[in-house]
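These notes are about the structure you will find just below.
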Amino acid sequence: MNAVPLEARATADETDELVRLRRDFHRHPELGYQETRTAGIVAERMKELGYDVVERVAETGVLATRGEGRPSLLLRADMDALPIQEANDVEYKSRNDGVMHACGHDGHTAIALLAAGRLARADFPGQVRFAFQPAEEGGQGADRMIEEGLLTGVDAAIGLHLWNDVPVGKVIVSPGPMMAAADVFTLDVHGSGGHAAKPQVCVDPIVAAADIVQRFQSIVSRGVDPFEGAVVSVTTMHGGSAFNVIPDRVRMEGTVRTFSAKTRAEVHRRMHEIVGDRGELEITGVTQALVNDPGVSEIVREAAGGIVGPENVIGRWQTMAGEDFASVLAAVPGCFFGVGAQPTPPTGGHHNPTFDIDERALSLGLEIMTRAARLFLSRGAE
C-alpha cells in the first residue's frame, strides 16, 4: 500500500478529541433504543455548536440541523452497541457488563460530532442535517427515524463505516449494490413423537430437519445465477429433550442474504418449496440491499481521493453484511462509504469480543465526510 497522510490534515486538537470521544463512548456502550447517555452527550454538544436539535427521535435518536433551503444533505452516524462481553484488555474497555462497541459505532459518532463542529464554523449554501441513529444492529432504527420525519426536505445522504479488516489508508467508495438485504427466518418442523426404539411408528422431525438443512444449501449452488450473490445459513436448531425420545417438533433459525429483489424472491420461493407441508416457515425482512447512488458516490470518491490518493480508493466492494442505512438510500440518493481501520496486529472482526480499530482512521473519516459534505452542498447550489 502506498504511503498516505494518516493524520488527514486534522489538527492535533481534533485528533485528540476524536480519540477521547470514541474511547468515552466505548467505555459506556448502550444497546439499541437504550442509548440515553450517548444521546445526551450528542444533543448537548450539538446545541453548543448552534444546531437546531430534536431529541428522542425514534426513542433515543438525535436530529440536528443547521441552515435552510436547498440543497439539503443528511449525514448519519449510528450510536448503538452489541450484546457482547468485551475480551480486550485495554484502558477503554467496556464498563457495561455484556455490552460492547464491537462494530465501530463509537467511532462513527465521534467522527460525526467533529464534522458537525467543522460545518458549524463554515459558510455553505443550503442545509446540513445530522442524524445520530439508535438501533442499527437489527432494531430498524433508520426506518423508525424515517417514519418520524428524518428525510423531510432531504436531497441526499452520506454515511460511513469503519472496517477493521481493511487497512488504514484504504477507503471504500462502491457505486451500486454494496451491502446485502438481510432476512431472518424461523422454521418449525412438525413430527409425531414417541419412543426412540420404535421410530417406525413415529414421524421424526429431526430427520426431516436434517434433510431441509441439506436442501437449503443447494438453493445457492444450484438455484441462483452464479453472477448473483446469495447466502442461506441455518444458525440454530433446537429439538428433543431425552436420548430415548423422538420429539414432536424441531425449530430452526437462520438468515438469508441477497443483493437483488429477483434473487431474494426466488430464494424465498425455493425455501417454501423445500419445506412444503413438513413445517411452518416464516421469513422476515431486516434490511434491504444498500445501493449507492453513482452521482453522490463520485463526490465522495473525489473527496476520498484527495486525502488518500485515488489509487487507495476501492471502487468495487461488496459484503453480505446488512445495514439499515439502506432504507435511507432507497428513499434519497446517497453514498455509504467505508474507512479502513485495521489494527496492527489485527484483532477479531466485526461483532467479535476482541474487535478494535486503529484510531488513525478516525481523522480520515472526519476529513472525507467533511469534504464530501462541502462538495455536495457547493455543487448542489450551482
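The values are calculated or read from the model by the stated rules, or taken from the named source; none is laboratory data. Remember, it's a predicted structure, so these values are computed and weren't measured experimentally. Glycine also receives a Cβ, built like all others from the backbone with ideal geometry; neighbour counts cover every protein chain displayed.
Does residue 273 satisfy the criteria of being in contact with an Asp or Glu (Cβ under 7 Å, 6 or more places away or on another chain), under 30 Å from residue 252 (Cα atoms), charged (D, E, K, R) and modelled with pLDDT of 95 or more?
no
Exactly one condition in (1) farther than 30 Å from residue 102 by Cα; (2) not in a strand (DSSP E or B) is false for residue 189; which is it?
Every listed condition holds for residue 189 apart from (2).
Residue 363 - would you say it is crowded, with 16+ Cβ neighbours inside 10 Å, within 20 Å of residue 135 (Cα to Cα) and hydroxyl-bearing (Ser, Thr, Tyr)?
So residue 363 does not fit the description; no.
For residue 182, are the conditions met, namely being within 15 Å of the chain's Cα centre (by Cα) and either of a type in the set (A, V, I, L, M, F, W, C) or surrounded by 24 or more Cβ atoms within 10 Å (Cβ to Cβ) (or both)?
yes
Taking the stated definitions as given, is residue 68 surrounded by fewer than 22 Cβ atoms within 10 Å (Cβ to Cβ) and either more than 18 Å from residue 121 (Cβ to Cβ) or assigned by TED's automatic domain parsing to the domain that holds residue 110 (or both)? It would help to see each step written out before you state the result.
Details: surrounded by fewer than 22 Cβ atoms within 10 Å (Cβ to Cβ): yes; either more than 18 Å from residue 121 (Cβ to Cβ) or assigned by TED's automatic domain parsing to the domain that holds residue 110 (or both): yes.
So residue 68 passes the test.
Restricting to segment 327-358, count the residues that are among the hydroxyl-bearing types (Ser, Thr, Tyr), over 13 Å from residue 100 (Cα atoms) and in contact with a strand residue (DSSP E or B) (Cβ under 8 Å, 6 or more places away or on another chain).
2
Which condition breaks for residue 165 when tested against (1) in a strand (DSSP E or B); (2) in the same structural domain as residue 299 (by TED's automatic domain parsing); (3) of a type in the set (D, E, K, R)?
All conditions are met except number (1).
Scan segment 198-209 and tell me whether some residue there is farther than 18 Å from residue 278 by Cα and either at pLDDT 95 or above or surrounded by fewer than 19 Cβ atoms within 10 Å (Cβ to Cβ) (or both).
yes
Return the residues of segment 306-346 that are free of Cβ contacts under 8 Å to residues at least 12 places away in the same chain and over 24 Å from residue 356 (Cβ atoms); say none if nothing qualifies.
Residues of segment 306-346 free of Cβ contacts under 8 Å to residues at least 12 places away in the same chain: 310, 345.
If the condition is that a residue be free of Cβ contacts under 8 Å to residues at least 12 places away in the same chain and over 24 Å from residue 356 (Cβ atoms), then 310 is the only one that fits.
Can residue 111 be described as surrounded by fewer than 24 Cβ atoms within 10 Å (Cβ to Cβ) and either under 17 Å from residue 34 (Cβ atoms) or in the same structural domain as residue 296 (by TED's automatic domain parsing) (or both)?
No, not satisfied.
Cβ-Cβ distance below 9 Å, separation of 6 or more or different chains: which pairs start in segment 29-42 with a residue that is in contact (Cβ under 8 Å) with a residue 24 or more places away in the chain and end on one that is part of a helix (DSSP H, G or I) and among the aromatic types (Phe, Trp, Tyr)?
From segment 29-42, the pairs are 38/25.
Considering 141, 149, which residue is touching a Pro at 6+ places or on another chain (Cβ under 6 Å) and closer than 17 Å to residue 62 by Cβ?
Exactly one residue qualifies, and that residue is 141.
Got at least one residue in segment 295-310 being over 17 Å from residue 111 (Cβ atoms) and touching a Pro at 6+ places or on another chain (Cβ under 6 Å)?
Within segment 295-310 (the criterion being over 17 Å from residue 111 (Cβ atoms) and touching a Pro at 6+ places or on another chain (Cβ under 6 Å)), the answer is yes, since at least one residue qualifies.
In the set 62, 53, which member is farther than 22 Å from residue 161 by Cα and either buried (at least 24 other Cβ atoms within 10 Å of the Cβ) or among the aliphatic types (A, V, I, L, M) (or both)?
Details: 62 fails: farther than 22 Å from residue 161 by Cα.
Unique residue meeting the criteria: 53.
Condition first: among the hydrophobic types (A, V, I, L, M, F, W, C) and part of a strand (DSSP E or B). Now tell me which residues in segment 134-162 satisfy that.
156, 157, 158, 160, 162 - these are the residues of segment 134-162 that are among the hydrophobic types (A, V, I, L, M, F, W, C) and part of a strand (DSSP E or B).
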